[in-house]
Amino acid sequence: MQIEQCRKIILLTRLRERARRRIESHSKAGNAGVAQIYARIDAWLEGQMGHVISEGRRASR
């Protein structure tokens, strides 16, 4: 895997961690709607990570 792909994965991982913390904090605060928005963001980031990983696998062939 190339350096740029590693950087993308690290960034996406950090963003997902942040989104998960926000989901938890808004759920505890009773803001279910906001928590759902962050859950959607987390799901989208997960998909982006999958794309980066598959690009890395194709590039390493």
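Note the angle between two axes, namely the Cα long axis of helix 32-59 and the longest principal axis of the Cα atoms of the chain, as a number of degrees from 0 to 90, rounded to the nearest 10.
Taking the Cα atoms of the chain, the angle to 32-59 is about 10 degrees.
Within the accessible area of the chain, what % is carbon and sulfur when the probe is 1.4 Å and the other protein chains stay in place?
On the chain, the fraction of accessible area on carbon and sulfur atoms equals 53 percent.
Whole-Hz Karplus ³J(HN,Hα) for the stretch 17-29, in order, using 6.51 cos²θ - 1.76 cosθ + 1.60 and θ = phi - 60°, x for Gly and Pro?
Karplus values, whole Hz, x for Gly and Pro: 4, 5, 4, 5, 5, 5, 4, 4, 5, 6, 5, 5, 7.
The values are calculated or read from the model by the stated rules, or taken from the named source; none is laboratory data. All values derive from a computational prediction rather than experimental measurement. When the accessible area is computed, the model is the full protein with side chains, heavy atoms only, and any ligands, DNA or RNA have been set aside. Shrake-Rupley method; radii C 1.70, N 1.55, O 1.52, S 1.80 Å.
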